[in-house]
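In what follows, a structure is listed as structure tokens, so that the remarks can point back to it.
The values are calculated or read from the model by the stated rules, or taken from the named source; none is laboratory data. Just so you know, these numbers come straight off a predicted model, no measurement behind them. Note: ideal-geometry Cβ built from the backbone for every residue, glycine included; neighbour counts use all protein chains shown.
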Amino acid sequence: MRMRVSSHLMAKQTLVLLLLFVWATLGSCGSYYCGDAEGLRITPVGFSSTEIEAIIVRRFIKGTGFNKFADSLQLDKSNTGFEFSNDTATMYSLNPDNLLKSRYDYEIYFPAVNRLVKIADINEPHQKMKGSLFSTEKTYCVNAILSFTQDGHVITMQSWRGEVYIHK
């Protein structure tokens, strides 16, 4: 009788351990969202260095037709730099807020040449990754910006660099 209780208890413990193992293994293979894209860089084409010394960026709540103003910022030498190659100025900035994110629509104004550009509908599908069955490690992933609208024209991204080419 005593042996029977011990084997019954042992069977229960084994079953509990097996269920815990299955739960832990399956629990690690859930899905998770990828990180947000870095954002789009303003890349002026045909502007002189003095014409891009100050750029005003106005942010609007996405999808409101530029009717709900969120905030604005000025890009200048204190927070942004440009590196020229021929007639193209590539923007670099240590502040990620200076990049165009998919959660807003934007007006970009170049006061030196009175040029206004509208960027809207930044398309950044939010991807999910599925975890591995036998691994607790997550592979880091980043969403990609696929397209945006510039002055009413849809622009499909051709490069991973995420540049918005703005011609003078």
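Look through region 142-159, keep the residues that are of a type in the set (A, V, I, L, M, F, W, C) and closer than 13 Å to Glu124 by Cβ, and return whichever of them is surrounded by the most Cβ atoms within 10 Å (Cβ to Cβ).
Checked region 142-159; the qualifying residue surrounded by the most Cβ atoms within 10 Å (Cβ to Cβ) is Phe148.
If I filter region 30-66 down to residues being free of Cβ contacts under 8 Å to residues at least 60 places away in the same chain and assigned to a strand (DSSP E or B), which single residue comes out as farthest from Gly81 (Cα to Cα)?
Only one residue fits best here, namely Ile61.
Within region 69-168, considering only strands (runs of 3 or more DSSP E) that don't extend past its boundaries, which have at least 3 residues that are β-branched (Val, Ile, Thr)?
115-123, 153-156
Only one of these is closer than 15 Å to Val57 by Cα, at pLDDT below 95 and loosely packed, with under 13 Cβ neighbours inside 10 Å: Lys77, Lys130. Name it.
The unique qualifying residue is Lys77.
Give me the residue from region 83-98 that is among the aliphatic types (A, V, I, L, M) and crowded, with 18+ Cβ neighbours inside 10 Å and, out of that set, modelled with the lowest pLDDT.
In this case the residue turns out to be Met91.
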